[in-house]
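What follows is calculated from the coordinates using simple rules that are stated; it is not laboratory data. Keep in mind it's a predicted model, so treat the numbers as computed, not measured. Using ideal geometry, Cβ is built from the backbone for each residue, glycine included, and neighbour counts are taken over all protein chains shown.
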Amino acid sequence: NAGVMQNPRHLVRRRGQEARLRCSPMKGHSHVYWYRQLPEEGLKFMVYLQKENIIDESGMPKERFSAEFPKEGPSILRIQQVVRGDSAAYFCASSPLAAGNTIYFGEGSWLTVV
Amino acid sequence: DAKTTQPNSMESNEEEPVHLPCNHSTISGTDYIHWYRQLPSQGPEYVIHGLTSNVNNRMASLAIAEDRKSSTLILHRATLRDAAVYYCILRPAGGGADGLTFGKGTHLIIQP
């Protein structure tokens with residue numbers, strides 16, 4: 001049973017480019033969460049999605065960041081016009097629809113903006 | 001905004017038990033206590049969770065105070081591979097967006 005899959009694992013972008021991070025939840029999970037971890041800091045919640053719905057985006061920066069979880073395919077975290085401060089590890093997690101509120105994390109995507 | 005308080009760091013010797021404390025004095029009746037750990041350059045890993053009773057699994061034990069305002073994660077015999085940051089968080093029974101905030105956790109150092 002594959003875990004939460006994230007890709008790419010490492011991504012380098014120049015300032016002003018776009019970054020797209022993908023997350024495939026565990027089989028049977030329909031809830032997806034995105035977190036950001038800046039160097040030497042803790043995990044910061046960004047957004048919580050269910051299929052085709054954004055449930056809570058209270059942790060998302062107001063500009064340049066967006067997330068989606070379409071009916072088919074992985075969840076996408078999109079960062080437009082990246083800046084150096086966006087360099088961080090981005091973690092995706094998923095949880096099942098019913099029972100259980102444990103969330104399971106992927107290995108992360110490391111974004112470096114040069 | 002984390003609702004839990006943990007020591008910044010702890011140190012222990014290999015093959016000895018480790019007790020990691022967590023205070024959560026504002027816990028509500030429906031909050032589960034969850035523990036995760038994060039090894040360097042990896043994603044957080046679920047360790048254990050509980051509501052009122054003490055819990056055991058293959059990774060660790062969780063001791064919950066009778067008033068539920070504190071809990072302790074117990075690693076019975078620490079190995080070097082247990083060196084990680086340990087996070088204690090509160091999750092409401094219904095899951096959802098609440099209780100998804102991680103604090104800074106406890107950085108556990110294991111000495112050989």
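Between the residues A:Met60, A:Thr102, A:Val114, the greatest Cα displacement towards the positive end of the dipole of the range A:29-114, with unit charges on the Cβ of Lys, Arg, Asp and Glu, is found for A:Val114. Taken one residue at a time, the phi angles of the range B:87-94 give Karplus couplings (6.51, -1.76, 1.60, θ = phi - 60°) of 10, 10, 9, 9, 10, x, 4, x Hz. Gly and Pro are set to x.
Tell me, what ³J(HN,Hα) does each residue in the range A:48-61 have, in order and in whole Hz, if you take phi through Karplus 6.51 cos²θ - 1.76 cosθ + 1.60 with θ = phi - 60° and put x for Gly and Pro? After applying 6.51 cos²θ - 1.76 cosθ + 1.60, I find 10, 10, 10, 3, 6, 9, 8, 8, 8, 10, 5, x, 7, x Hz. Report the residue, chosen from A:Ser87, A:Ser58, A:Ser95, that carries the largest GNM mean-square fluctuation when chain A is represented by alpha-carbon nodes joined by springs under 10 Å. Evaluated over chain A, the most mobile residue of the options is A:Ser58.
Counting only C-alpha contacts under 8 Å and six or more residues apart, can you give the relative contact order of chain A as a whole percent?
Numbers: 291 pairs, mean separation 41.9, N = 114.
Contact order relative to length: 37 percent.
The label point for B:Asn23 and the one for B:Ser41, both projected 7 Å from the Cα toward the Cβ, are 3.6 nm apart.
Find how much the distance from A:Glu63 to A:Gln17 grows on full extension, using 0.36 nm per residue of separation minus their present alpha carbon separation; answer in nm with one decimal. Could the numbers behind the result be given before it?
Working: separation 46, 0.36 × 46 = 16.56 nm, distance 1.45 nm.
My answer for the length gained is 15.1 nm.
Pairs spanning more than 29 Å between alpha-carbon atoms, out of A:Lys62/B:Lys104; A:Lys44/A:Lys71; A:Lys71/B:Lys3; B:Lys69/B:Lys104: A:Lys71/B:Lys3.
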